[in-house]
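Report on the structure given below.
The values are calculated or read from the model by the stated rules, or taken from the named source; none is laboratory data. Keep in mind it's a predicted model, so treat the numbers as computed, not measured. Quick reminder, even Gly has a Cβ in these numbers, built from the backbone with ideal geometry, and neighbours come from all protein chains shown.
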Amino acid sequence: MPTCRRKRVVLTEPSEDLARALESDPEREVFYLEETGEIFETYEAYVARMSFYRLKQFQCEVTGKSGLDYFQAVESERQEARTMHARFSEPLKYPVLRAVQWQVMGRLDHLVEAVFERFKDRYFKNEKVLVDIEGVKYYGIVGKVYPPRFSADQQARDAFKDSDTSDKTLDEEQPHLIGGDLSTPLQDANTKDNPELYYYWVHILELEKDKGEKAKATKAAEKDTKVIGSVMECQCSTLSRDRLSFSKSILRRFIRDCVDRDAAVASPWTVKPLIAKHYGVNSIMPEETRKGVEDIKKGEIDKRKKVWEDREGPPTKKQKKMTPAQEEKETMAAERKEREAHEKAEKERLAKEEAERVAAEKKKKKPVRYPTEDLDIRISEKDKKAGVCLRRPLAQRTGLPLNDTPNTFESLLLCWNFLNAFGEPLHIWLFTLDDLACALQHTIPDLPCPLLGEIHSNLVYNLRTVSFTRHSATLSLLKLKESLGPEHKTLGVTIDELTSAMADIGNNWERVPLRHAEGREGWEDALIGCLKDHANLENIPRLREILTQLFFAPSPNSPESSSSTTPQELTVASTPSERYYSLSPEDRITILSFLCNQAVSSKPVRAHMESCEEALTEYRKTKIDVNRLKKQHLQDMSVLAAEVDLTQNGTNGTEEDTQMNDISELSDGSGVDNSSAGKKKGKKQDMRIANAKARGVARAKQAQQKQALAEHRRLDEEVNKLERRLETIEREFRQHIGGVRAKPLGKDRFYNRIWWFDGLGSTSTNIPALGQYGTGRIFIQGPSEFDLEILKRREEDIDTRRLEEEGDEGMLGPADWAAYSTAEELEEYVAWLNTKGHRELALKTALTKWWVPITAGMKKRISDLNANLKLPDARRSSRNKTGPGHDISQQPYMQWKNRRALTNNQ
């Protein structure tokens, strides 16, 4: 069984509810994990268990290999078990299993030692052995086994050799029955059943090939024709087994694979039922064996009880009145006992202190290597005094649009990311998250929002290429009517009334032109047609309520409902173009999210994803080549730098030569003797020649130094170009990976995921100085259910620690989102990250890498928001619907234009 953190993995048992459902509801759908046979009631439990099995934290119990997932560890154990069973001698399996059955031994190693000592010199019929013949070993098969009663009668052994009737009697006799009984002491077993008195008829098969020296091989070659194929009578002294088939190591693996033991005190080792049945080992404990096991268990319990009583003292009993002599004797015994207990306790205390001291020294010798697991890092008092941030800066929740309703903001964010990442194949120009949030909250029918029209029209165009079922929404509603009844109403409208109103709207949605030049007129009806053919109550649970609100309006005379729990009844027939802007933002996001999910399978989106995959492959190759060239340039620069430094530190001899030259010129006029003057003149000539050579060498070195410096400057410029090229590749890589998948920048110590969506897909961060942005924020998503399980498994009191380091308002659940909107907030958050942990080091590295475009986008967003709040009064319009001094038409989401619209055919 694979282990995880030195503990065996226990398979999940079905719940009691599932066990009862087997009889009451046998057709109930469950989630079945085929590899382990586990059954789960919910998909979340199934996925969590599968994710746990996929973690690289399991260890093969047989080989000790670590860093495997659960299935790799199981396969490793199975492979090792197959190899072990193939190598282990088959005739030896039954005697070994019979010997270990019902044995009471504390450790498996002791059991292996006992079995090895019993069977190392005992052989069985049909067992493959090695026979030593005059120093040369041959492989052989044991044909017959003769017990000790034949040891003194060679004629009887020869008779059994040739007698067919005797073979049956001899084969039925079980050899080594006494010697293989572990309940009998080894010395007594060898006396009663001496292995040296056994005789074996062995059929010689072949020479041992992989062992033996040349001399032995030559000697054996002379006898091969006589020995191989013959039958020899042998004893255990000339027989042995191959170490690959019988050793303490393989014997231990075989026993561990075949036996098991309960956790109770003095429990016997038992052969697993299936294995016992396969080899014919008795699986019913004999009465005598059972009594012996119970006696051993009782003795072990009494022994532990006595040790406990000696430590704690026996229970008090009412004693008879003692004489003074007896009382004195009892007092002395008690004092002696107390003194011994005190001395023993003192020794244990000293031993404990010594062990703690040794452990502390070992801990000092082996310091913790950083980075390590984030949860293992605690803020010390020294860090607190140094001013380390203890609590994570509070991220904003209220500033996120539509974040009050669970999962609504997440759906909004996913829709925005999809529309911007795949804006090029969808023919939609870039827009910000704030623009989309404002557009989805736009409620003025007389002032249509161009952003909504363009988004829905292009998605409808895209879904024309996706296969659909005609009238799927109507069929789903009619099926619902069968279960609820024809008179059931929602918002005051029956299903028959709703289907009748839907019948004539949007039937030609896949052929209706929604032209950009005409403001996408009629996109609401086309949207209804698309929903009628693509949607149903399974993929949009609120489909009935949404369609009812799109086709019916409240009566003009009916009072507006003041409570959200009692929705207003809709009794007047209307049209989708009039009623769309009365939908709640949550329902609009539901529609948009559904359209985006369906568009993923469209041909343009799939083609764009494939092109992004190809581009990513090219970027990876280019990055490798650029890094290799950069590394080569840096190596060349280091060589040139060392050469220049050596030249600068070396002496070129110019000053020395000049000084020598001056001395020679002064000494030229000081002599009076002609002979000495001649000698000095010759020396002066030699020195001039030497000085000229030195000056030539110095000039050559200066030229070499100048050339090296020029080459160093050139390589430095090349490295700078390559670094700029790598930055461009990183931005392009991020842009194209957004067309395939979106990944968080990283996770913090509590597995909160950090997201930055700008620069993905069709959006761009190629010019960070311009402060281009799509969201202009860093988002924080709470840990998933699986991550929370990991947190609880790593640290029991994780909630208390999260409360201490995140705060009550800062703790995020699996569906919670928050954001940092300013560079100052982000700086505080980065200061809170501890780079001694794996996750937070990687997260801080990623934030530092993209710091310039992140902060530039934040500043640009804040600047745009402030500018929108200060619109001049001169821009007031007669279409003002929200209050004095506020013109909706001048808002950024109303000023947006689709620069990617195909005006020629749309």
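Could you list all residues from region 612-642 that are small (Gly, Ala, Ser) and more than 33 Å from the chain's Cα centre (by Cα)?
If the condition is that a residue be small (Gly, Ala, Ser) and more than 33 Å from the chain's Cα centre (by Cα), then SER638, ALA641, ALA642 are the ones that fit.
Is it the case that ARG336 is modelled with pLDDT of 70 or more and loosely packed, with under 11 Cβ neighbours inside 10 Å?
yes
Looking at (1) more than 19 Å from TYR461 (Cα to Cα); (2) in contact (Cβ under 8 Å) with a residue 40 or more places away in the chain; (3) among the basic types (Lys, Arg), can you tell me which one LYS603 breaks?
(1)
Anything in region 677-702 that is in contact with a helix residue (DSSP H, G or I) (Cβ under 9 Å, 6 or more places away or on another chain) and under 23 Å from VAL644 (Cβ atoms)? List them, or say none.
ALA694, ARG695, ALA698, LYS701, GLN702
Suppose we filter region 813-853 for residues that are within 25 Å of VAL368 (Cβ to Cβ) and not in a helix (DSSP H, G or I); how many remain?
5
Restricting to region 581-600, what's the tally of residues that are free of Cβ contacts under 8 Å to residues at least 60 places away in the same chain and closer than 17 Å to ALA439 by Cα?
Number satisfying all stated conditions: 3.
Can you spot a residue in region 815-830 that is modelled with pLDDT under 90 and out of contact with any Lys or Arg (no Cβ under 7 Å at 6 or more places or on another chain)?
Taking every residue of region 815-830 in turn, at least one turns out to be modelled with pLDDT under 90 and out of contact with any Lys or Arg (no Cβ under 7 Å at 6 or more places or on another chain).
Tell me, which residue of region 594-631 that is of a type in the set (S, T, N, Q) and surrounded by 12 or more Cβ atoms within 10 Å (Cβ to Cβ) is farthest from TRP416 (Cα to Cα)?
Among those residues, the one meeting the criterion is ASN627.
Please determine, by comparing only the residues of region 417-439 that are aromatic (Phe, Trp, Tyr) and under 18 Å from VAL460 (Cα atoms), which one is surrounded by the most Cβ atoms within 10 Å (Cβ to Cβ).
Among those that are aromatic (Phe, Trp, Tyr) and under 18 Å from VAL460 (Cα atoms), it is PHE422.
Does GLU90 satisfy being in contact with a helix residue (DSSP H, G or I) (Cβ under 7 Å, 6 or more places away or on another chain), in contact (Cβ under 8 Å) with a residue 12 or more places away in the chain, not aliphatic (A, V, I, L, M) and not assigned by TED's automatic domain parsing to the domain that holds ILE790?
Spelling it out, it is not the case that GLU90 is in contact with a helix residue (DSSP H, G or I) (Cβ under 7 Å, 6 or more places away or on another chain), in contact (Cβ under 8 Å) with a residue 12 or more places away in the chain, not aliphatic (A, V, I, L, M) and not assigned by TED's automatic domain parsing to the domain that holds ILE790.
Hey, among GLU487, GLU454, which residue is surrounded by fewer than 21 Cβ atoms within 10 Å (Cβ to Cβ) and either over 47 Å from the mean Cα position of the chain (by Cα) or modelled with pLDDT of 90 or more (or both)?
Within the list GLU487, GLU454, the selection yields GLU487.
Residues are listed down the side, and each one gets a yes or a no for (1) at pLDDT 90 or above; (2) among the acidic types (Asp, Glu); (3) touching a Gly at 6+ places or on another chain (Cβ under 8 Å); (4) under 30 Å from ALA703 (Cβ atoms):
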| position | (1), (2), (3), (4) |
| --- | --- |
| SER582 | yes, no, no, no |
| ASP587 | yes, yes, no, no |
| THR590 | yes, no, no, no |
| PHE594 | yes, no, no, no |
| LYS623 | yes, no, no, no |
| ARG628 | yes, no, no, no |
| SER638 | no, no, no, yes |
| ILE663 | no, no, no, yes |
| SER667 | no, no, no, no |
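So, in region 139-179, of the ones that are of a type outside the set (Lys, Arg), out of contact with any Phe, Trp or Tyr (no Cβ under 7 Å at 6 or more places or on another chain) and at pLDDT 80 or above, which residue ends up nearest to LEU111 (Cα to Cα)?
Among them, the one singled out is GLY179.
Restricting to region 117-145, what's the tally of residues that are touching a Pro at 6+ places or on another chain (Cβ under 7 Å) and on the phi > 0 side of the Ramachandran plot?
Count: 1.
I want to confirm something. Restricting to region 255-275 and keeping residues that are at pLDDT 85 or above and among the aliphatic types (A, V, I, L, M), which single residue is nearest to ASP109 (Cα to Cα)?
Ranking the candidates gives ILE255 first.
Scan region 505-555 for residues that are part of a helix (DSSP H, G or I), among the β-branched types (Val, Ile, Thr) and in contact with a Phe, Trp or Tyr (Cβ under 8 Å, 6 or more places away or on another chain) and report the count.
Final tally of qualifying residues: 1.
Find the residue count for region 800-812, including only residues that are exposed (fewer than 13 other Cβ atoms within 10 Å of the Cβ) and either charged (D, E, K, R) or not in a helix (DSSP H, G or I) (or both).
Selection size over region 800-812: 3.
Are any of the residues in region 72-87 farther than 30 Å from LYS56 by Cβ and among the acidic types (Asp, Glu)?
Scanning region 72-87, I find no residue that is farther than 30 Å from LYS56 by Cβ and among the acidic types (Asp, Glu), so the answer is no.
What are the residues in region 1-47 that are at pLDDT 85 or above, more than 27 Å from ASP260 (Cβ to Cβ), out of contact with any strand residue (DSSP E or B) (no Cβ under 9 Å at 6 or more places or on another chain) and crowded, with 16+ Cβ neighbours inside 10 Å, if any?
none
What number of residues within region 775-799 are part of a loop (DSSP other than H, G, I, E, B) and touching a helix residue (DSSP H, G or I) at 6+ places or on another chain (Cβ under 6 Å)?
3
What number of residues within region 726-761 satisfy the criterion of being out of contact with any helix residue (DSSP H, G or I) (no Cβ under 7 Å at 6 or more places or on another chain) and part of a helix (DSSP H, G or I)?
Qualifying residue count, region 726-761: 6.
When the residues of region 73-108 are filtered to those that are assigned to a loop (DSSP other than H, G, I, E, B) and out of contact with any strand residue (DSSP E or B) (no Cβ under 9 Å at 6 or more places or on another chain), which remaining residue is nearest to GLY280 (Cα to Cα)?
PHE88
Cβ contacts < 7 Å: first residue under 18 Å from THR728 (Cβ atoms) and in contact (Cβ under 8 Å) with a residue 40 or more places away in the chain, restricted to region 843-854; second residue of a type in the set (Val, Ile, Thr) and outside any helix (DSSP H, G or I), any location; separation 6+ or different chain. Result?
PRO853/THR765; ILE854/ILE778
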